[in-house]
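These notes are about the structure you will find just below.
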Amino acid sequence: MPGHWRAIMTDRSRRSFLKKSAGAAALALAGPQTLISALHADSFEQATGRIEPMPPGTVRLSPGIFKEQEEINARYLDSLTADRLLHTFRLTAGITSTATPYKGWEDPACELRGHFAGGHYLSAAALAFATQGNDELKNRGNDLVGGMAACQKKIGTGYLSAFPTEEFERLVEGKPVWAPFYTYHKIMAGLLDMYTLTGNSDALAAAEGMAGWVSDFFWPIGTEQRMRMLRTEYGGMNEVLVNLAAITKKDKYIGTAHLFEQPSFLDPLAARRDELQGLHANTHVPKIIGAARMYEVTGDRRYREIAEYFLGEVMAARTYAIGNTSVGEFWRTPPDELKGTLQWTNAECCVAYNLMKLERHVFGWTGDARWMDAYERALFNCRLGTQNADGLKQYFFPLAPGYWRAYNSPEESFWCCTGTGAEEFAKFADTIYFRRGSDVYVNQFLASTLDWKDEGLSIEQVTNFPAEKGTTLKIKSSGAAARTIHIRIPGWTTEDAEVKINGKPLDAMSNPGSYLAIRKVWRDGDTISLSLPMTLRQEPLLGDDTVTAALYGPLVLAANLGAGPADGPERVIHSGDTVPKNLPAADPLPKVAAAAGAGPDNWMEVESKSDLRFKASCEGAQYDVMPMYRIADQRYAVYWQLPEKKKQS
Ligand SMILES: [Zn+2]
C-alpha cells in the first residue's frame, strides 16, 4: 500500500509458511539512514545470538482478560494446603500424617500421586511468585520443599516421591505400572523451578539428591532393558537433567540425561521422517523439549534439527485450528489427514502447554515469527478459556459439534492437565517480551509492563487486544545508546497494518509473519502504536476441504449452540476420569448457507468488531458466533460443513 515498503517477500500460504524455514526480517531505522537486513533463519542464532526470555520478575500483567485468569488460578492454588499436599510423600517416607488426602490422581492408591502435589504445584507457586510477586504461594512452596526435603532425608537414598520405589521395580521387571519416571520428572522440575524462580537452595539440593538416585538406579541397567523401560511414559526426564546440569555446571547430569533417549523415536525425526502415527502425543513432546535443551546446553546440532523438524511437522501436518493436536491422546492418522477425527477427546490440554514450551525454544534459535504466531494461536484459543471461574481446568478440548467444556473438580481429580494448566495460568507473563543483548522482542499483545532495571528500560503495553486491533507501547528509558525493539507483525494481519512512532506513521513496514525492528535512541515518553487489522478467514481441516474453521485475526470462532448441561457430572468431573459418563453423540456440523467455493465473507458476518460478535448463516439456522475463548457454559461448534465442490466432468 502507499507509503509502506515491503522489506522482504515471503510465500505465506499456510502450508509452505509452516513447512519452510522462513527468513527473519529486520528493518532498522538508524537516524536518517534506513537499513534493511535479512538473515536466513538457519544462520540467525550463529549471527546474532539466541533470543531469550526476559529475566524472571521483570514482567507483570496489567488488568485485562489474562490478569483476571491469572488471579483465578492463584486463588485456586491458594485453596490447597501444604499438609494435604504432603500427605502421601510423608506416608511413603514413613512419617506420620493425619491430613485428609486429596483424591483422583493424587489419591493414596493412585500410581501417579505426587505429580501435582509435589511437582506442578511447586512449579506453579514458583511461577506465581516470579510473574505476580505472589508471596503466599512462594511461602506455600517453601513449606512444601521443607516437608519434601524431610521425607527425602528420612528415606536416605536421595529418592523422593509420593509412591515407593516398588513402582520402579515393576518397571524393571516389565510388570504393568503407570508412569513412575513421568511423576519423578514433575517433582524434580517443581524443585528446580523453586530454586531458579524463588531462590530456594534446599529445593536445588533435593533435586540433586533425586538425580543421584536416578543415576544409581538407571546406569547399571543394560541398554536393551533400558529401552524397554523407556517405552513407559517418562515425561521430560532428559530435560530436567539437562537443566540441572546447566544450573550446577556438572556434566554428569548430561550423561544421565542421555540415558533417557530413544533412537527408535529420535532417529526418524533426525532423518525428517514423520513416523508419529500411533504414538501418544503428550508422552513424546516433552522428549523433544529435552532434545531442545540438549542442543542449547551441548551445542550438538542434531538435537536442534530433531526439534525443529518435529515442531514444524506437528504444527503443519497434525494440528487443529485451535493450535493443538491429538485425538484420544494419540496421533492416530498419517500426516495431513485429520478427516473424521473430530470428537470429545481432541487436543489434550497438556500437549498445547508442551508445544508452546517447545515453540519458545525454537523461536529463540531462529527469531522466526511463525513460532510466536503459533504460540498466540494456542494462547488465545486453547489455553485462555480452558479454566472456569473457580480455577478448574479442562483435560480434552472437544472439537466435535454440540459438545461443551468439562472441568476437573477442586479436590478429587488432579489430572495432568490440572497441573500443566496451573502452570500455564501462572506464566502468561513469560513470553510477552524476549531479549537479545539489549534488544527487546515484543512477541505477544497482552496488557503488561516490562520493567528491565538492568537496562534502565521500562515498556508499558496498553491494549485491550483482541477487542482492540492493535497495541500501544509506552517507553521509559534512561539509556543514551540506540536500542532495537523488534515487534511481531502477525501472519494473520493485512498489508494495511501500520506502526506509528510518537503519533507519526512509519513509512516502512515488514510483512505479516515477521518482526519489524526499529532502532533508535529511545526517550522517556516515546510511544509505538501498532494497528493490526483483522479479517475473516477459513482454515480447512487437514485432509478434508469440505470442513473448515473460521478465524478472525488470531481468534478461532465458535458457534453458540445453546446452553450446555447444568452443573453436575457432565460439567465438573469428580474423579480421575477425564470424559463425562453417558456422553451423547455429537451433533452434525452446521452446514453453511453459501455456494461451493464461497469464502467466509459469504456466510459469516462481523456484527461488532469491538465486541467481537459475529453471525453465521447456515442451512436452517443463524448462529451467534464468538471467539472460542469466550465460550463458557454453551455447547459449541468450531468446525463448519461447506458445500461440496461439484466434480468437473
Ligand atoms: Zn494432560
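Only helices enter the 222 nm calculation for the chain: every DSSP H run of n ≥ 4 contributes -39,500 (n - 2.57), and dividing by all residues gives -11000 deg cm²/dmol, rounded to 500. Solvent exposure of region 577-649 amounts to 59 Å² per residue of accessible area, where only protein heavy atoms count and the probe is 1.4 Å.
Note on exposure: 537, 483 ranked by accessible area (1.4 Å probe, complete protein assembly) read 537, 483, with the most exposed listed first. How much of the accessible area of region 58-174, probe 1.4 Å, is carbon plus sulfur, in whole percent? Answer for region 58-174: carbon and sulfur cover 50 percent of the accessible area. The dipole here belongs to region 51-117: it is taken about the Cα centre, uses +1 on the Cβ of Lys and Arg and -1 on the Cβ of Asp and Glu, and is about 140 debye. Peptides 310-317, 119-126, 148-155 ranked from most to least packed by the mean count of surrounding Cβ atoms within 10 Å: 119-126, 310-317, 148-155. Among the listed pairs 186/581; 252/427; 153/252, give every one whose C-alpha distance is greater than 24 Å. Where the Cα-Cα span goes over 24 Å, the pairs concerned are 186/581; 252/427.
Extending 7 Å from the Cα toward the beta-carbon at both residue 48 and residue 249 defines two label points whose distance is 3.0 nm.
Region 340-388 and region 471-517 have Cα centres separated by 25 Å. Think of it this way: in the chain, 110, 151, 350, 382, 416, 618 stand alone, with no other Cys Cβ under 4.7 Å. Note on surface exposure: 215, 510, 610 rank 610, 215, 510 by accessible area, highest first, 1.4 Å probe.
Per-residue packing, averaged as other Cβ atoms within 10 Å, sorts the ranges 526-533, 595-602 into the order 526-533, 595-602, beginning with the highest.
For region 111-235, the Kirkwood hydrodynamic radius from C-alpha pairs, put into Stokes-Einstein at 37 °C and a viscosity of 0.692 mPa s, yields a diffusion coefficient of 222 µm² per second.
Comparing Cα centroids, region 403-422 and region 549-620 end up 22 angstrom apart. Note on the chain: antiparallel DSSP beta bridges, both residues inside, total approximately 90 percent of the bridges counted. Here the contact order of region 216-325, divided by its residue count and restricted to Cα pairs under 8 Å and six or more residues apart, works out to 26 percent. Probing with 1.4 Å while keeping every protein chain in the model, the per residue accessible area of region 320-477 equals 21 Å². In terms of accessible area, using a 1.4 Å probe and ignoring ligands and nucleic acids, 193, 545 rank largest first as 545, 193. Taking a ≥ b ≥ c as the square roots of the eigenvalues of the Cα gyration tensor of region 35-186, is the shape rounded (a/c under 1.5), prolate (a/b larger than b/c) or oblate? Here region 35-186 falls in the oblate category. The solvent-accessible area of residue 330, taken with every protein chain present and a 1.4 Å probe, is close to 70 Å². When only Cα pairs below 8 angstrom with a gap of at least 6 residues are kept, the chain shows a relative contact order of 16 percent.
Carbon and sulfur together cover what percent of the accessible area of region 401-502 at a 1.4 Å probe radius? On region 401-502, the fraction of accessible area on carbon and sulfur atoms equals 43 percent.
Amide H to amide H, with H built 1.01 Å from N, residue 515 comes under 5 Å of 25, 369, 489, counting only residues 5 or more places away or on other chains.
Of interest is the spacing of the C-alpha centroids, which for region 231-279 and region 196-227 amounts to 14 Å. The Stokes-Einstein estimate for the chain, based on a Kirkwood radius over Cα pairs and taken at 4 °C with 1.567 mPa s viscosity, is a diffusion coefficient of 51 µm²/s. Counting heavy atoms of the protein chains alone, residue 546 has an accessible area of about 30 Å² for a 1.4 Å probe.
The values are calculated or read from the model by the stated rules, or taken from the named source; none is laboratory data. Quick caveat: nothing in here was measured; it's all calculated off a predicted structure. Cβ sites come from the backbone with ideal geometry, for glycine too, and all protein chains shown count toward neighbours. What goes into the accessible areas is simple: the full protein's heavy atoms, side chains included, and nothing from ligands, DNA or RNA. Shrake-Rupley method; radii C 1.70, N 1.55, O 1.52, S 1.80 Å.
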